[in-house]
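**Q** I have a structure here, written as structure tokens, and I will follow up with some questions on it.
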Amino acid sequence: MNKLGLLLIQLGSPKSPKVEDVKAFLKDFLGDPRVVDNQSLTWKLVLKLFILPTRSPKSAEAYSEIWDGETFPLFKYTESFSKKLAESIDHSNVELAHSYILSSPNVTDQIKMLKSKGCDTIRVIPMFPQYCEATTLSCQDAVDKALEEVSGVDIKFIESFHNSPAYINNSAKMINKSLEGKEVDKLLFSFHGYPIRRIRGGDPYLDQCLETATLIANNVDLDKDKIQVTFQSRFGREPWLMPGSEETIIELADKGAKKLAIVCPAFVVDNLETEEEVGLGLKEVFLENGGEEFIVIPCLNDDKQWIDEFSTDILLPEGPEKPDA
């Protein structure tokens, strides 16, 4: 009997907030041609001689803010999500595993493991709602590398779930729950930033972000004129998607906004960006500019309803018996 393998892929985190671990992580991350598509000799020299020595200690400090003494939020929630998802599916004909592009367990090892358990078909899903070359294709590269060592496996690659009812409805539910009984001047949908050049080159990321925002907003108990899309985490000097989240927050505070809420729909589990950059950094910016309350809405993480609907709507829309057909 052939089994169906299910493989979730996340980016990963450093082993610890130690500078050497963060430096190793950043070296692999920024050395990925999907993340920085200009891997010229000049870039490699700049990365080695300037960026890594200066950025690693700062990033290590940021990572230390979200380190609980044992692990990072991305690891904790990915592992909890995977465990609860396996329990939700609970089918003898299905094997589930999670993996990371830049951490352990990696994609190759997990595909080998699923193959050893009789999975001739593996449904692979990057845990990024919107398609983006920097993330989705990086996951595809990791799968392609694994297939150089593993044969006889049929890969079914799910590129995005930016408009799936499970993702949209549960995101709106999380927002409504977080804002219940509260009045806010603005709700920001802060997506991860991206170079405009790559959007113009055909990457559908922006269109999918805007579709996601529209669909979630239609299900949020808030006037639509109080909802705005922004972008965080710019890197480098070239033009990135605008408006920037930090600039927008300062502008809103200058105009008298006292209570803001923010959610990050480009992620399904909390991580460095959502907890440190947004939850701590942007909160500080808002308060320093006259704001009074900054509500950070958590990612879906390991919410039970999200997990149950993820399995039926996104991961197994055709049911677990499909491999036996």
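Any read-out appearing in this document is the output of simple, stated calculations on the displayed coordinates, not a laboratory observation. Being a predicted model, the structure only gives us computed values, none of them experimental. No Cβ is skipped: glycine too gets one built from the backbone with ideal geometry, and neighbour counts run over all protein chains shown.
**Q** Would you mind calculating the gained length between Lys304 and Leu49 on full extension (0.36 nm times residue separation, minus the Cα-Cα distance), in nm to one decimal?
**A** 87.2 nm
**Q** What pairs in Lys177/Lys304; Lys15/Lys84; Lys18/Lys83; Lys112/Lys156; Lys76/Lys115; Lys76/Lys224 have C-alpha atoms more than 22 Å from each other?
**A** Working: Lys177/Lys304 14 Å; Lys15/Lys84 24 Å; Lys18/Lys83 28 Å; Lys112/Lys156 16 Å; Lys76/Lys115 26 Å; Lys76/Lys224 34 Å.
Among Lys177/Lys304; Lys15/Lys84; Lys18/Lys83; Lys112/Lys156; Lys76/Lys115; Lys76/Lys224, the Cα-Cα distance tops 22 Å for Lys15/Lys84; Lys18/Lys83; Lys76/Lys115; Lys76/Lys224.
**Q** While we're on this one: Taking amide H positions as placed 1.01 Å from N in the peptide plane, with prolines and chain starts having none, which residues 5 or more places from Val229, or on another chain, fall under 5 Å of its amide H?
**A** Correct list: Phe189.
**Q** While we're on this one: Rank the residues Phe29, Phe161, Phe294 as a footprinting-exposure proxy: fewest other Cβ atoms within 10 Å of their Cβ go first.
**A** Working: Phe29 16, Phe161 24, Phe294 21.
So the residues, fewest neighbours to most, are Phe29, Phe294, Phe161.
**Q** Also: Over the residues of the chain, compute the C-alpha Rg and express it relative to 2.2 N^0.38 Å.
**A** The reported ratio for this selection is 1.01.
**Q** Now, a different point. Just want to confirm a number: the relative contact order over segment 1-134, from Cα pairs under 8 angstrom separated by 6+ residues, in percent.
**A** Here the relative contact order equals 52 percent.
**Q** What dipole magnitude, in Debye to the nearest 20, does the chain give about its Cα centre under +1 on Lys/Arg Cβ and -1 on Asp/Glu Cβ?
**A** On the way: 36 positive and 53 negative charges, 143 e Å.
Roughly 680 debye, rounded to the nearest 20.
**Q** May I ask you to derive the relative contact order of the chain, considering only C-alpha pairs under 8 Å and at least 6 residues apart, and to give it as an integer percent?
**A** Taking the mean separation of contacting Cα pairs over the length of the chain, I get 23 percent.
**Q** What FRET efficiency do you get for Ser92 and Asp154 if R0 is 22 Å and r is their Cβ-Cβ distance, rounded to the nearest 0.05?
**A** E(calc), rounded to 0.05, equals 0.65.
**Q** Can you list residues from other chains, or at least 5 along the same chain, whose modelled amide H is less than 5 Å from the amide H of Ala266?
**A** Long-range HN contacts for Ala266: His192.
**Q** Return one number: the angle in degrees, 0 to 90 and rounded to the nearest 10, between the long axis of the Cα atoms of helix 245-254 and the longest principal axis of the Cα atoms of the chain.
**A** 30
**Q** Between helix 138-147 and the chain, what is the angle of the helix's C-alpha long axis to the longest principal axis, kept within 0 to 90° and rounded to the nearest 10?
**A** Between the helix axis and the principal axis of the chain, the angle is about 20 degrees.
**Q** Sticking with this one: Determine which residues of segment 254-268 fall in the zone a paramagnetic label at Thr214 would reach in this model, i.e. backbone nitrogen under 18 Å from the point 7 Å along Cα→Cβ.
**A** Answer for this model: 265-266.
**Q** Also, I was wondering about something else. Thinking of segment 179-227 as a set of Cα atoms, what percent of all their pairs are more than 13 Å apart?
**A** The answer is 63 percent, as a whole percent.
**Q** OK, next. Set the Förster distance to 22 Å, then compute FRET efficiency between Thr312 and Lys177 from the Cβ-Cβ distance, nearest 0.05. If you can, show how the numbers build up before the last one.
**A** Values: r = 21 Å, r/R0 = 0.98.
Computed FRET efficiency for Thr312 and Lys177: 0.55.
**Q** Then there is this: Using only DSSP helix segments of four residues or longer, with each worth -39500 (n - 2.57), what per-residue ellipticity at 222 nm results for the chain after dividing by its residue count and rounding to 500?
**A** -11500 deg cm²/dmol
**Q** At most 10 other Cβ atoms within 10 Å and a DSSP loop assignment: could you name the trypsin sites (Lys or Arg not before Pro) in segment 214-270 that fit?
**A** Values: sites: Lys224, Lys226, Arg234, Arg237, Lys255, Lys258, Lys259; in loops: Arg234, Arg237, Lys255, Lys258.
Listed in order of number, the matching sites are Arg237, Lys255.
**Q** Here is a further query. Placing one identical point scatterer on every Cα of segment 19-66 and ignoring solvent, what is log10 I(q)/I(0) from the Debye formula at q = 0.13, 0.23, 0.27, 0.28 Å⁻¹?
**A** -0.29, -0.79, -0.98, -1.02
**Q** Amide H to amide H under 5 Å from Phe157: which residues, 5+ apart in sequence or cross-chain, H placed 1.01 Å off N in plane?
**A** Correct list: Val124.
**Q** Output the 0 to 90 degree angle, nearest 10, between the alpha-carbon long axis of helix 19-30 and the longest principal axis computed from the alpha carbons of the chain.
**A** For 19-30 against the chain, the angle is about 80 degrees.
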